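Rule-based calculations on the coordinates, nothing more; no lab input. Every value quoted in this text rests on a predicted model; they were computed, and no experiment measured them. In this analysis, Cβ positions are derived from the backbone assuming ideal geometry, glycine residues included, and neighbour counts consider all displayed protein chains.
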Amino acid sequence: MTYDQMSTPTSPIEQPSKMMPALIGGAVMGLISATPFLNLVNCLCCAGVILGGFLAVFFYKDQLTPDMPPLQASDGLALGALAGVFGFIIATFFSLLIYAVFGPIAAEATMNLLIQVLESTGIELPPEVYDEMMESTQESPIQPLGLFISLITSVIFGIVGGLIGAAIYKPKGPQIQQ
C-alpha cells in the first residue's frame, strides 16, 4: 500500500435521497386527509397522517443497502417531517379541487352525520347552533388559521409516524460503523 492510498480517506457511502419516499408517504397522507369520509380515519389519533410518515420510512429503508449506514431515528424524523409537508400541500390541493367540483356537499354530509349521531345519543342541538353549524359548511375550505394548524399537525404527526417506522425498521443488535 502506498502512502497516497493510506492518506486518502475512503469516502463514506451516501444514503439515498429522502425526497421520493417522503413524497410517496405525503401523497398517501394527503389523499387520505382530503378524501371526504376517508378523512374520518384521522379522527383516530391522526392515523392517516401517521401512516404517511410510517410509509415514508418503509419506502426509504427499501433503498438502503448493507454497505450504507443503518436506518436511524433521525432518518425517521426527517422523513416524517418531509412527508408531513408534502401531505399538507397535497391535501390542500385536493381539498380545493373537491370543493371546486362538488361544493360544500361533503361538509354538509359530514355535518348531517354528526347531528344524527348527537341526536341518536339523546343530545338535542338548539336551533341557533344547528343554523350556525350549517352556515359554517358554506365557508371556503381555505382559512389562514386552519391552514397553519393543518401544516403544524401534519408535520408533528408525520414525525410520529416516521419515528414509529424508524423504531420498527431500525436494525436490532450492535452495529459496526464503517
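Once R0 is set to 30 Å, what does the formula 1/(1 + (r/R0)^6) return for the Cβ-Cβ distance between E135 and A47, expressed as a FRET efficiency to the nearest 0.05?
Plugging the Cβ-Cβ distance into 1/(1 + (r/R0)^6) gives 0.50.
Radius of gyration over Kirkwood radius for the stretch 31-178, both on Cα atoms: the Rg/Rh ratio is 1.13. For the chain, the longest principal axis of the C-alpha atoms and the axis of helix 144-169 are separated by about 40°.
Here the sum of -39500 (n - 2.57) over DSSP H runs of 4 or more residues, divided by the residues of the chain, equals -22000 deg cm²/dmol at 222 nm, to the nearest 500.
Work out which GluC sites (Glu not before Pro) in the chain are exposed loop sites (DSSP not H, G, I, E or B, at most 13 other Cβ within 10 Å) and give the longest gap free of them. Present the calculation step by step, with values, prior to reporting the outcome.
On the way: sites that count: E14, E124, E139.
Longest stretch, sites excluded: 15-123.
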